[in-house]
Number of protein chains: 2
Amino acid sequence: MKIESVDFFYLSMPEVLDIGDGSQDALLVRIRAGNYEGWGECEASPLTSIASYVCPMSHSACKPLKYSLEGKSINDAQDIYAISRSVHENSLDLLQANHTLSGIDIALWDLLGKKAGVPVYQLLGYKKAYPKLPYASQLFGNSPEDTFEKAASTIRAGYKAAKFGWGGFGKSGLTNDINHLQAAREGLGPDAILMVDAGTIFGEDIAAAKERLVALKAVNTYWFEEPFVNGALYPYKTLSAASPPVPLAGGEGCSNFVQAQAMIAYGGLSFIQIDAGRIGGITVAKRVADLAVQYGVTYVNHTFNSHLALSASLQSYAGIEKDIVCEYPVELKSLAQEIGREKILRGEDGRINLPDRPGLGITVDMAALKKYLVDVEIRVNGKNLYYTPEC
Amino acid sequence: MKIESVDFFYLSMPEVLDIGDGSQDALLVRIRAGNYEGWGECEASPLTSIASYVCPMSHSACKPLKYSLEGKSINDAQDIYAISRSVHENSLDLLQANHTLSGIDIALWDLLGKKAGVPVYQLLGYKKAYPKLPYASQLFGNSPEDTFEKAASTIRAGYKAAKFGWGGFGKSGLTNDINHLQAAREGLGPDAILMVDAGTIFGEDIAAAKERLVALKAVNTYWFEEPFVNGALYPYKTLSAASPPVPLAGGEGCSNFVQAQAMIAYGGLSFIQIDAGRIGGITVAKRVADLAVQYGVTYVNHTFNSHLALSASLQSYAGIEKDIVCEYPVELKSLAQEIGREKILRGEDGRINLPDRPGLGITVDMAALKKYLVDVEIRVNGKNLYYTPEC
């Protein structure tokens, strides 16, 4: 089959708020070949990613992504690997490329899964998909009381694990952080798993992060996530060896394989968190999952948007039985809720299972999403390089 | 002073060829404040970088760059650091941000230098700028004879150092590479410095790169540049310890400080090459130069566009006397030649000196560049987010 079309749909809530909620907009990718249609989702800044697909070439290593897609063959996994390689070579000097490639790669796997009539994880070589224990991923409350209430309601909703992050953490002093951590633990009760996400707030400041370790240990934190900016290997490594020991998680900011490799090999991480919508799609995410197994590091998805993105994020480690936890966004805006017609829901045992359907197993109904569609037009020297496609 | 305007000018040759020549287009940034005007240049994909400046916010850590610029104060270096920090925090999840920030940061330093009436390197804390020995940076020839002729003419033109890169290197077998290396050395003669740039052709393949070491040693290569993709720490480190020993150079692909830090600390590099038009501007480049001194690694600029970009690239290590060599593009397209009214030319001793003028010391005359101007219009939901400004 030849790739017949690659279409981008920029969706947004009517109002995007200045909060750490990544479900407020989305960039969907639809790829058609033969009689099949695959869907993917790119993480962050739809307009910039669209521009990287259609931009004029700057030089041989800075071509638009469409160069690696238009008219190419898509019959089996080798064709996806070839497209991924081509983007990395021909768009090497285009920083945004990996964001855009991510949605494309996901759509290609969805398409091939539908063609083969099997879930994507089987195309990746996994015989089965093991159930995952979802942790409810959410922002800290505005006050400790608010955080307590969020934690308590998470337990009432049936979750066995919860992660709190961002908000005021690391910004309003140690005492405030301790109060929020204690409130989260009290709200969850003693048995639930509690993760804490610092959202890179400490930059490269080891001392500031270190000050939080005693409190993190006291509330039995399962992991301490992104104390530092992604790739700050020395701070990560140093903190991982500090006392009291708290397992570190990170990696969501990785936008290619070697960045994740460095975090695993030199960062002292216990958990590597990969966003398939950012690192270059399922292809690259699977490479990282394989590497994590070799290093004895636990792989976890990073997802804070739709269930289409969630399905894509889970495929790459679906077959690794021991890597049990998965991120599960619980505060999705209506846009992100409506992107997939089917939902990945918790069963009675509190776990989730990947859809046992071809591809990603999630249907995208653009007609229903039309109300969120953002109209984009990019003109260069009088030529229309991009306009929003018909739904 | 308040920042009054930030304008982007996308310039391009009438035809952009599929070759490794980054001087075929350019994105200039003009910033006005008070009665001053600063100019900067961003590396690669002008359209994508423009989009990252004007794009709608996706969430709190994915804002357009304009958020960190519009209406901000610019009086001294601390204001530039604050803007740089703000972009890193508020545009954290926007991959293209560092490309765009680079041109902005450079323009801000140029502006402050003009205000203070001193060259930028003095604002950075250097008392003087030491002369640098430029190496003529060029592509390998199409045949060994062609490479020989390029090398010979480089010597005739008065250069004492030359770098050959890209072209067919690593693509057409070991024998072909050996022939080109020998031709380059023969053309240069025994005394000139010869650098070799593999342009990431070996990806992460250590064995393929290793096969070239004997030939590289035989022609007395000063450094072997970018055998692997940027950030492939393990391959770099392994090759740096292989036999025969050939000094490694790399880092041009770094788009933030911690990536460069990792290459210096874990990559076994002898030379760290930083593109101020990519890593986030002069601010971040200077941080890397300081770190390189601590590690005993030699800092070198990476530049393959205009003399405005060249001046910007040199400022960050102008005061480090021992770091003597600098990249000097010799095959610039007319566009890149015309961007700066003044040129940074070799003196009789074969060296170059930074302009002893305020700011970057390079005047940009947009009227003269108008013939290269690319007209861009970006509309989102009927609103014009960007149109090419008046010259």
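The values are calculated or read from the model by the stated rules, or taken from the named source; none is laboratory data. Here the structure is a predicted model, which is why all the values come from computation and not from measurement. Backbone-built Cβ (ideal geometry, glycine too); neighbour counts: all protein chains shown. Remember, those area values only see protein heavy atoms, side chains included, never the ligands or the DNA or RNA. Shrake-Rupley method; radii C 1.70, N 1.55, O 1.52, S 1.80 Å.
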| query | What shape does the stretch B:292-380 have by the C-alpha gyration tensor, where a ≥ b ≥ c are the square roots of the eigenvalues, rounded means a/c under 1.5, and otherwise prolate means a/b greater than b/c and oblate the rest? | reply | prolate
| query | To the nearest 100 Å², how much accessible surface do chains B and A hide from each other in total, with a 1.4 Å probe? | reply | 4900
| query | What percentage of all Cα-Cα pairs in the stretch B:234-332 are separated by more than 15 Å? | reply | 57
| task | Report, to the nearest 10°, how far helix A:282-295 tilts away from the longest principal axis of the Cα atoms in chain A, using its own Cα long axis and a range of 0 to 90°. | result | 40
| Residues with beta-carbon under 14 Å from that of B:Gly347, excluding B:Gly347: net charge, scoring Lys, Arg +1 and Asp, Glu -1? | +2
| Can you list the HN-Hα couplings for the stretch B:199-208, worked out from phi with the Karplus curve (6.51, -1.76, 1.60; θ = phi - 60°), rounded to whole Hz and with x for Gly and Pro? | x, 6, 4, 8, x, 10, 8, 5, 4, 5
| query | Semi-axes of the equivalent ellipsoid of chain B: what are they in whole Å, largest first, if each equals the square root of 5 times a C-alpha gyration tensor eigenvalue? | reply | 35, 22, 21
| field | Computed over the protein assembly as shown, the ratio Rg/Rh where both radii use C-alpha atoms and Rh is Kirkwood | value | 0.96
| Just from its helices, what would the mean residue ellipticity at 222 nm be for chain B, if runs of 4 or more DSSP H residues each count -39500 (n - 2.57) and the sum is divided by every residue, rounded to the nearest 500 deg cm²/dmol? | -10000 deg cm²/dmol
| task | With label points built 7 Å along Cα→Cβ from the Cα atoms of A:Arg379 and A:Asp76, find their separation and express it in nm. | result | 4.7
| field | Stretch gain in nm, segment A:Ala208-A:Ala157, where the contour uses 0.36 nm per residue and the Cα spacing is subtracted | value | 14.9 nm
| note | Quick numbers on the stretch A:1-52, Rg and Dmax over C-alpha atoms in Å, give 13.3, 43
| field | Sites A:Asp146 and A:Ile324 - FRET efficiency at Förster radius 30 Å, r taken between beta-carbons, to 0.05 | value | 0.55
| message | Can you tell me, using C-alpha contacts under 8 Å and at least 6 residues apart, the relative contact order of the stretch B:327-369 as a whole percent? | response | 43
| query | Just how much of A:Lys66 is accessible, in Å², when a 1.4 Å probe is used and the result is rounded to the nearest 10? | reply | 60
| query | Going by the alpha-carbon gyration tensor, a ≥ b ≥ c the square roots of its eigenvalues, is the stretch B:1-149 rounded (a/c under 1.5) or, if a/c is not under 1.5, prolate (a/b greater than b/c) versus oblate? | reply | oblate
| query | B:Glu348 label points, 7 Å along Cα→Cβ, one per copy: pairwise distances from this copy to the rest in nm, shortest first? | reply | 9.5
| field | Cα centroid of the stretch B:231-304 to Cα centroid of the stretch A:245-301, whole Å | value | 23
| field | Antiparallel bridge percentage (DSSP; both residues within chain B; nearest 5) | value | 45
| request: Classify the stretch B:85-176 as rounded, prolate or oblate, taking a ≥ b ≥ c as the square roots of the eigenvalues of its Cα gyration tensor: rounded when a/c is under 1.5, otherwise prolate if a/b is larger than b/c and oblate if not. | output: oblate
| Taking a label point 7 Å from Cα toward Cβ, how far is A:Asp191 from its twins in the other copies, in nm, shortest first? | 8.3
| query | If you look at just the Cα atoms of the stretch A:146-245, how large are its Rg and its Dmax in Å? | reply | 13.2, 40
| request: Find every distance from the label point of B:Lys383 to the corresponding label point in the other copies (7 Å from Cα along Cα→Cβ) and write them in nm, one decimal, shortest first. | output: 3.0
